[in-house]
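The values are calculated or read from the model by the stated rules, or taken from the named source; none is laboratory data. This one's a predicted model, so the numbers in the text were calculated from it and none came from an experiment. Quick reminder, even Gly has a Cβ in these numbers, built from the backbone with ideal geometry, and neighbours come from all protein chains shown.
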Amino acid sequence: MKTDVFLFAGTIEGKELTEALCGAGLSVHAFTATEYGGALLTENEAEHLCVTSKRLDQEQMVALMQDDRPRLIIDATHPYAVVVSENIRQAAQEADIDLIRLQRMESDKDVASGDNIVHVGSAKEAAAFLAQTKGNVLLTCGSKELPAFTKLEGYKDRLFARVLSTENVVRECTELGFSGKHLIAMQGPFSLDMNRALIKHINASWLVTKESGVQGGFSEKAQAAAEEGIGLIIIDRPENAEQTNTEQNVVCDTVAACLQEVCRIFHITPKKKFTLLGIGPGSAGGLTLEGRQALEEADVVLGATRMLEILEKNHLQKPVFKSWKPAEMKQFVDENPQYQNVVVALSGDPGFYSGAAKLLEVWKDEEVLVLPGLSTLQVLCAKAQTDWQHVYCISRHGRAGNLLAALRMQEAVFLLPGETLPELCGKLIDGGYHDVTLAVGSKLSYEDEKVLVGTPAELKNETCSEPYAVLIKNPAGQDAVITPGIPDKEFLRVMSETNKAQRTVPMTKEEIRTVSLAKLRLSKNAIVYDVGAGTGSVSVEAARIAYAGTIYAIEQNPAAVALLHENKKKFALDNMEIIEGMAPEALEDLPVPTHAFIGGSKGNLKAIVDLLMQKNPNVRIVINTVTVESEMEARQVSEESEVIRLAVTREERVGRYHMQRAENPIAIISFGGQYE
C-alpha cells in the first residue's frame, strides 16, 4: 500500500496525529528516534501504520522520501529538536514534497513570571548558574541534557534527574553518575500535585525545565515551583526553532489546525472524538488522571461558565466555548471543523443529573466516551462517614423533586436543593420530620468548604454558600408502610359551611380505596388526576405510592378544597397539587396524565374521559360509582372496561353483641393503560 503521510513524531502531538490520521483511513509511516517512542505509537495497533524507530540523518530521510514518495510530510518533533527539524525541512525540499510543521505553542507567559525565575539559553548555561547556588536540584529537561550538569561540583549528591523509564535511558544516566534515589525514571506528563510532591520529597531548592508547552507539562512544573517557593530555571527555546509559512511549508500550532490542513489536502473528513468529562466537585484534586489526560489531548473544551472557570483556574490552556445547551454545543462543533477532539466538561459525575444524556442523543452517531468524575454524593457521604448504596437521590435544581414524599419511604436521601438551607429546614419541620439528621456540604473539596451536621431545628438559622448538597438520614424510613390502606379515622373530614354549620365530607372508604388503587396500577413516577377529590383520601394514598410522581387533586367545592390543603399538610406531601375547579375544564392545562381516578364527575363523566384519552390514549382510568345510573354511564365510556362490585361489611360491637353492618355496594370500573 502506498504511504500517504510521513510523520516524524516522538511527542504527544505526534501520537495524537498518528491516531487521528490512521482513524481517517490514511496510511502513515511514523518515525521516532527511540524504540520507546515507537512503542507509544503502536499501543492501539492502528491500521495502515508503519513505525520506524531509529535516528535518521538528512541523507537517509531524502532516500526514504524519494523511494516511497508520500504525498505529505509532517514534522511533529520536539520544539527543541532544532537539528532534526532542519534536516526534515531540507529533506522535504530536496524530495519536492509538501511539509507541515506542527510547531508547539509556547506556554502563557503569566504561568512563569516572578522573582525566582531564571531564563538561560542552554543546559550548559543552566549548569553554570547552578554552580553559584546551593540546594538540591530537580532536573526535568531530558536525559540528553544531563552531561552538561556533570560538570557541577558534587552533582551526584545535589542533582536529581527525572527521565523516561526506558532501559537505554536509565543505562545512559547511570553511566553519567545518576543512580539510586537521584535517578527518577517515570513517564509523564505530570500533574501539579505530582510535581509538588516530588519537590518536597527531594527537598529541592531549584527546578530546571525546558519551555515545553502545554503538552510537555510546563505550566504544572512552573506552578509547582511557585507554590513550593523554589527557584525555576527555564532553558528557553532556540532562536532558530521557529519556522514560517512558505509555498511548500505550512506551519500549524495545534493538532486541530494540522488535521484541518491534512483534511484539505486529502479531501477527507476525519471522524471526531467526543468526551463527556465529569470534572468532580470543583477542586483540582477532584479531577481523575484519566480526565486530566482527556483535557491535555483535547482540541477544544466546551461547558457551562462555572465548569470552564474551574478548569481555567487549574491552568487549562485550551480553546473554550461557553454554553450549557446541547444544541449550541453541536452548532459550534459543526461550524468549527478544525476541532477533532472535543471535551465537554460536566459538573461532578456525568451519571447524576447532568447534561450527558442529552449530549449523547445529540452526538448519537459519533464516537463518544463518557468519563466518570467524583460526584458530590460520594464526597458528602465520605464527609458524613456513611455508605451510599442505600441512598435515594433527588435534585431540585430546576426541577420538582418530591422530597417529603420520598423521605417517608427512605432511610437516607441525598438532595441538591432548590431553596436556601433555612427554607429547607422549615419545610422539614412543617412536614413533621423533626428527628431527621442533616449533613450539609457547600464548597466541597475547596479550601473554604463547609460541612454542617444537625437536626432541622438546629440548622434552621444557619447559612451556607449555594449551590450546596444535603444528606438526610431518616431511620424511620426503613420501617415505612408501603401498602395502601390508611384508616379512615386518620383523614380530616369535617368542613365548615357558609352558615357556620359543619358537615362531614363523603370519602372513599378504606377497603374501596385500597382495591381502587390496586386497579390503578400506579408506578412511582405516575402523574395522577384525582377528579372529585373530596377529602383527598385517594390523592394522599396515591401520593405516598407514586412518591417520585405528582398527584393532582381536582375539586370544585371551596370548603372541600380547604380540607384538601389540611390533609396534604397533615400527611406532609409535596407531590400533591390541589386544583380548584370543575372538570373537565380544570384539567385542560395540567400535565399529561398516566393515571386517573374519578370519584365524582357532576354529570360530566363522558367529557372528562374524552379529555383524558385525548391527552393520553394509554391513560389508566378507574371510576367509582354508587348509583346504577352512574354505573351505566361509566360502562358506556369504554367497551373494554372491567367492572367489579364490591360490598364491604364491617363488624361492630353493640353493647355485649357483635353486629354486621353493610356499606353501600360500590362499582369499580377500570380500563386503559398496560399491565406489567
Any residue in the range 436-444 that is out of contact with any Cys (no Cβ under 6 Å at 6 or more places or on another chain) and surrounded by fewer than 17 Cβ atoms within 10 Å (Cβ to Cβ)?
-> no
Here, helices (runs of 4 or more DSSP H) confined to the range 150-229 with at least 3 residues that are touching a residue at least 12 places away in the same chain (Cβ under 8 Å) and closer than 23 Å to A76 by Cβ are 218-228
Scanning the range 532-548 residue by residue, the ones that are farther than 15 Å from L563 by Cα and either touching a strand residue (DSSP E or B) at 6+ places or on another chain (Cβ under 8 Å) or surrounded by fewer than 19 Cβ atoms within 10 Å (Cβ to Cβ) (or both) total 4
How about the range 452-483: which of its residues are of a type in the set (A, V, I, L, M, F, W, C) and surrounded by 15 or more Cβ atoms within 10 Å (Cβ to Cβ)?
-> L452, V453, L459, C464, A469, V470, L471, I472
Matching option when the condition is at pLDDT 85 or above and outside the structural domain of C393 (by TED's automatic domain parsing), among T437, T504, T420, T514 = T514
Looking at K606, K569, which one is out of contact with any strand residue (DSSP E or B) (no Cβ under 9 Å at 6 or more places or on another chain) and either within 29 Å of V481 (Cα to Cα) or aliphatic (A, V, I, L, M) (or both)?
-> K569
Just give me the residues in the range 67-110 being of a type outside the set (A, V, I, L, M) and at pLDDT below 90, in sequence order.
-> H78, P79, Y80, Q103, R104, E106, S107, D108, K109, D110
Residue by residue through the range 650-676, note down the ones that are more than 47 Å from the chain's Cα centre (by Cα) and of a type in the set (S, T, Y).
-> Y657
In the list V300, V362, V368, which residue meets the criterion of being of a type in the set (A, V, I, L, M) and under 20 Å from Q215 (Cβ atoms)?
-> V300
Here, helices (runs of 4 or more DSSP H) confined to the range 403-470 with at least 1 residues that are free of Cβ contacts under 8 Å to residues at least 24 places away in the same chain and within 23 Å of Y353 (Cα to Cα) are 421-430
Sort out which residues of the range 518-559 are part of a helix (DSSP H, G or I) and either β-branched (V, I, T) or touching a residue at least 40 places away in the same chain (Cβ under 8 Å) (or both), and write them in order of number.
-> K519, L520, S537, V538, V540, E541, A542, A543, R544, I545, A559
Give me a count of the residues in the range 542-596 that are out of contact with any helix residue (DSSP H, G or I) (no Cβ under 7 Å at 6 or more places or on another chain) and of a type in the set (F, W, Y).
-> 1
Per-region count, the range 603-637, residues under 47 Å from the mean Cα position of the chain (by Cα), surrounded by 13 or more Cβ atoms within 10 Å (Cβ to Cβ) and part of a loop (DSSP other than H, G, I, E, B) = 2
Only residues that are among the aromatic types (F, W, Y) and either under 28 Å from V170 (Cα atoms) or at pLDDT below 85 (or both): list them for the range 1-52, please.
-> F8, F31, Y36
Residue check, E511 against (1) touching a residue at least 60 places away in the same chain (Cβ under 8 Å); (2) among the charged types (D, E, K, R); (3) not in a helix (DSSP H, G or I), all met but one. Which one?
-> (3)
Can you name the strands (runs of 3 or more DSSP E) wholly within the range 297-353 that have at least 2 residues being without any contact (Cβ under 8 Å) to a residue 60 or more places away in the chain and surrounded by fewer than 22 Cβ atoms within 10 Å (Cβ to Cβ)?
-> 320-322
